[in-house]
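Here, each number is a calculation from the coordinates, and none is a lab measurement. Because the structure is a prediction, the values reported are computed rather than measured. Neighbour counts run over all protein chains shown; Cβ positions are idealised from the backbone, glycine included.
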Amino acid sequence: MSSPMQVRTMISPARYVQGKGAIHRVGEFLTPLGSKPLIVADDLVWGFVAHDVEASMTAASLPTTRVGFGGVPSANEVNRLTALIAEHQADVIVAVGGGSTIDAVKASGYAAGIRWVTVPTVASTDAPTSALSVIYTDDGVFEEYRFFPRNPDLVLVDTQLVANAPASFLAAGVGDALATWLEARATSQSFANTMAGGLPTVTGTALARLSWDVLWENALPALDAVRDNVVTPALEKVVEANTLLSGLGFESGGLAAAHAIHNGLTAANQTHGLAHGQKVNIGSLTQLVLEGAPSADIRDFVEFTTRVGLPNTLTEIGLSTDDDEDLRRVAEAATVPGETIHNMPFPVGVDDLTSALKSIERLSAGIRRQAGLPEPVQYKATH
């Protein structure tokens, strides 16, 4: 039986809109997509966007129908939202909030057979642009990826909302986005398939690299801008890198070890409550160790991510080198068949990964000490 011919493919959202005050135009951009939108936002987010969203919807002669979000993108939450779509006879569903809200909305929009739109209020993940959702158990443990035949019809990011949010959210987005190039590079080397369902395109790989370059140049000044709640050119670039470039790059460039390690870390209770990008950063550093990357590259990565405010030791995510059972459970979950770690250009087993995870503690702490950077302390849960 012959195997299907390998193709290269790239996917993307239908429209991407970004800028200061963009939330004021959400109704305008929704109008071509449907006449009965259902907005999903938790109470916290709705508290600071409701006025602007309602005004924009009214100006576009659209009704404002909003329902809450349950907190975790689980199968149960997706089913609840799907039922609400039917109840309200909605023809487009709109996620307003963070990555968890967005993943639940994309999955329920697909299940109901209607269009879906993402309006991220933070730049903490690349979920807004992608054609997949990460589904967790009700307790927050990674369960599965759900893939959809298309990306969101619209992604709209108001950079003033991003600037108003805590800087830790932007830092987490940098952690998620920095992995994009490391994983796309590995996927390209191993001629592995991407989340888009084929080999990576030159374009997808190049966008992943561009995301990396933009972040190294702009992340630190962008974080300062957010601390002052102002929108600057550096912040605009980082929001685009975290959201669009990283989204296109991971989906059409490929995932490898970093995100698989993130998924494995969700099996350790100590890491619950940490942001997606914080755990991904542990995965990125561990991937560099697995690759035997040049020591100068590892040193630069540890110093830069420490300055960004990202964890790069086990201590910071609530684990230690003595947690043998936990680390082995993380490694087992990260290397199950079908995980993206198998896109690495060499095989990675449970023992290899457990050793690499243990090694980052002394490695990072030593680099930080030499650079005069703070000693590792456990991170507080962000959400």
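The range 319-383 and the range 83-108 have Cα centres separated by 34 Å. Report, for the range 47-203, the % of DSSP beta bridges that are antiparallel, rounded to 5. Given both bridge residues lie in the range 47-203, the antiparallel proportion sits at roughly 35 percent. For the range 205-308, the set of trypsin sites (Lys or Arg not before Pro) satisfying both a DSSP loop assignment and a count of at most 11 other C-beta atoms within 10 Å is empty. Taking a ≥ b ≥ c as the square roots of the eigenvalues of the Cα gyration tensor, the range 109-148 is oblate, since a/c reaches 1.5 or more and a/b is not larger than b/c. Counting Lys and Arg as +1 and Asp and Glu as -1 over every other residue whose Cβ lies under 9 Å from the Cβ of residue 270, the net charge comes to -2.
Seen from all directions on average, the range 166-370 presents a Cα convex hull projection of 10.6 nm². Think of the chain as having a plus end and a minus end, set by charges on the Cβ of Lys, Arg, Asp and Glu; of 278, 226, 7, 7 sits farthest toward the positive end of this dipole. Electrostatic bookkeeping for residue 144 treats Lys and Arg as +1 and Asp and Glu as -1; over the other residues with beta carbon under 12 Å from its beta carbon, the sum is -2. The convex hull defined by the C-alpha atoms of the range 213-316 has an orientation-averaged projected area of 7.2 nm². If only the Cβ of Lys and Arg carry +1 and only the Cβ of Asp and Glu carry -1, the dipole of the range 166-370 around its Cα centre is close to 220 debye.
In this structure, the amide hydrogen of residue 255, modeled 1.01 Å from its nitrogen in the peptide plane, lies closer than 5 angstrom to those of 195, counting only residues at least 5 positions away or on a different chain. 3J(HN,Hα) couplings calculated from phi for the range 363-380 with the Karplus curve 6.51 cos²θ - 1.76 cosθ + 1.60 (θ = phi - 60°) are, in sequence order, 4, 5, 4, x, 4, 5, 4, 4, 8, x, 9, x, 5, x, 10, 5, 6, 7 Hz; Gly and Pro show x. Between the listed residues 92, 107, 33, the Cα displaced farthest toward the positive end of the dipole of the range 16-163, a dipole computed from Cβ unit charges relative to the Cα centre, is found at 33. In the elastic network of the chain, a GNM with C-alpha springs shorter than 10 Å, the most mobile of 37, 294, 120 is 294. DSSP beta bridges confined to the chain are antiparallel in about 20 percent of cases.
Based on Cα atoms of the range 1-153, Rg over Rh with Rh as the Kirkwood radius reads 0.99. Taken one residue at a time, the phi angles of the range 165-180 give Karplus couplings (6.51, -1.76, 1.60, θ = phi - 60°) of 7, x, 4, 4, 5, 5, 4, 4, x, 5, x, 5, 6, 4, 5, 4 Hz. Gly and Pro are set to x. Here the mean projected area of the convex hull built on the C-alpha positions of the chain is 18.4 nm².
Distance between the 7 Å Cα→Cβ label points at residue 359 and residue 24: 5.4 nm. When peptides 79-90, 169-180 are ranked by their average number of other Cβ atoms within 10 Å per residue, the highest-first order is 169-180, 79-90.
Short-range pairs are left out: with C-alpha atoms under 8 Å and at least six residues apart, the relative contact order of the chain is 16 percent.
Computed over neighbours whose Cβ is under 9 Å from that of residue 74, the net charge equals -4, Lys and Arg +1, Asp and Glu -1.
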